[in-house]
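The values are calculated or read from the model by the stated rules, or taken from the named source; none is laboratory data. As the structure is a prediction and not an experimental result, all values here were calculated from the model. Quick reminder, even Gly has a Cβ in these numbers, built from the backbone with ideal geometry, and neighbours come from all protein chains shown. In case anyone asks, the SASA skips ligands and DNA or RNA and just uses the protein heavy atoms, side chains included. Shrake-Rupley method; radii C 1.70, N 1.55, O 1.52, S 1.80 Å.
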Amino acid sequence: MEATKQRYYTPEEYLELEEAADYKSEYIDGQIIPMAGGTANHNRIAGNFYAALNFAFRQQDYEVFNSDMRLWIPKRRIYTYPDVTVVAGEPEFFNNRTDIILNPQVIVEVLSKSTKGYDCEDKFEAYRTIDSFQEYLLIDQARIHVEQYSKTAKKRWLMREYDEEDEAISLASISFQISLQDLYNKVKFEVVESQGDRANVEG
């Protein structure tokens, strides 16, 4: 992710530019950073998780949003678009705008090569400044691997890893479960050949 021009933008300027833009950008304390386009696997995984959550919560007091919903993190002055967000009860909207929420409970990010480090470190640190935030899932799109972080107390988080297709992810803050098989449904992993394999093929 690269910043556009090295100049300071106010949050109001960002929102005005974002409404007219052909692509989505994040706002990080004065800088506007274009977001990379999602791959087919990225969309499959995010879509699978969103659909499962949306179906499970159809009669419950939770609301699920996809990456079209913007999140404002006031303590870090960040506007971002999580891949999937779960809100408990009624969404709290920023300045009565129905496209910016303030109170996520669960956030899901599908990792890409360009954003993996940011999602795992700086973005997670920013998310933790949100009082309502209780759970974070980081899903690898290149292999079966999920990291789940759940809040157990103030400044205390428990991490669990999933890397086998017959496992199921259970959310800690909400009654919900999804198998890794369903999460990665229709995902096509790239076959990485070793140099020896390539030499045999070429020979």
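Length gain on complete extension for the stretch Lys75 to Ala142, per 0.36 nm per residue less the alpha carbon to alpha carbon distance? Show your work: numbers first, answer last.
Values: separation 67, 0.36 × 67 = 24.12 nm, distance 3.25 nm.
Gain in length upon complete extension: 20.9 nm.
Given Lys75/Lys123; Lys113/Lys188; Lys24/Lys188; Lys123/Lys188, which pairs have Cα atoms separated by over 20 Å? The partial results should precede the final answer.
Working: Lys75/Lys123 12 Å; Lys113/Lys188 16 Å; Lys24/Lys188 26 Å; Lys123/Lys188 27 Å.
Distance filter (> 20 Å) returns Lys24/Lys188; Lys123/Lys188.
With the simple spin-label model, which puts each label point 7 Å out from Cα in the Cβ direction, the Glu90 to Asp68 separation comes to 2.3 nm.
Shape class of the range 23-85 from the Cα gyration tensor (axes a ≥ b ≥ c, square roots of the eigenvalues): oblate, since a/c reaches 1.5 or more and a/b does not exceed b/c.
Multiply the residue gap between Arg97 and Asp163 by 0.36 nm, knock off their C-alpha separation, and tell me the result in nm, one decimal place. If you can, show how the numbers build up before the last one.
Values: separation 66, 0.36 × 66 = 23.76 nm, distance 3.88 nm.
Length difference between fully extended and current span is 19.9 nm.
Taking a point 7 Å out from the Cα of Glu190 in the direction of its Cβ, the residues of the range 130-147 whose backbone N falls within less than 14 Å of it are 141-143.
A 1.4 Å probe run over the chain, with the rest of the protein chains in place, finds 58 Å² accessible per residue. Largest mean-square fluctuation among Val86, Val187, Val110, in a Gaussian network model of the chain whose springs join Cα atoms under 10 Å apart, belongs to Val187.
Rounded, prolate or oblate, given the Cα gyration tensor of the range 101-186, with a/c below 1.5 counting as rounded? Present the calculation step by step, with values, prior to reporting the outcome.
Working: a/c = 1.95, a/b = 1.33, b/c = 1.47.
In terms of gyration-tensor shape, oblate.
Distance between the pseudo-spin-label points of Ala40 and Cys120 (7 Å out from Cα toward the beta carbon): 2.7 nm. GNM remark for the chain: springs join alpha carbons under 10 Å apart, and the peak mean-square fluctuation among Phe55, Phe65, Phe133 falls on Phe55.
Calculate what fraction, in whole %, of the accessible area of the chain sits on carbon and sulfur atoms when a 1.4 Å probe is rolled over the protein chains. Before the final figure, lay out the partial values.
Values: 5250 of 11710 Å².
The C+S portion of the solvent-accessible surface of the chain is 45 percent.
Starting from the Cα gyration tensor of the range 6-59, take the square roots of the eigenvalues, sort them a ≥ b ≥ c, and report rounded, prolate or oblate (rounded when a/c is under 1.5, otherwise prolate if a/b is larger than b/c, else oblate). Since a/c reaches 1.5 and a/b is larger than b/c, the shape of the range 6-59 is classed as prolate.
For the chain, a Gaussian network of Cα nodes joined below 10 Å ranks Phe94, Phe124, Phe189 by mean-square fluctuation, and the top entry is Phe189.
Which semi-axis lengths, in whole Å and largest first, follow from the square roots of five times the eigenvalues of the Cα gyration tensor of the chain?
Listed largest to smallest, the semi-axes of the chain are 29, 24, 16 Å.
Within a straight-line Cα-Cα reach of under 14 Å, Lys155 can be paired with the following aspartates and glutamates, leaving aside sequence neighbours fewer than 8 residues apart in one chain: Glu125, Asp131, Glu135.
Based on C-alpha pairs under 8 angstrom that are at least 6 apart in sequence, the chain has a relative contact order of 15 percent.
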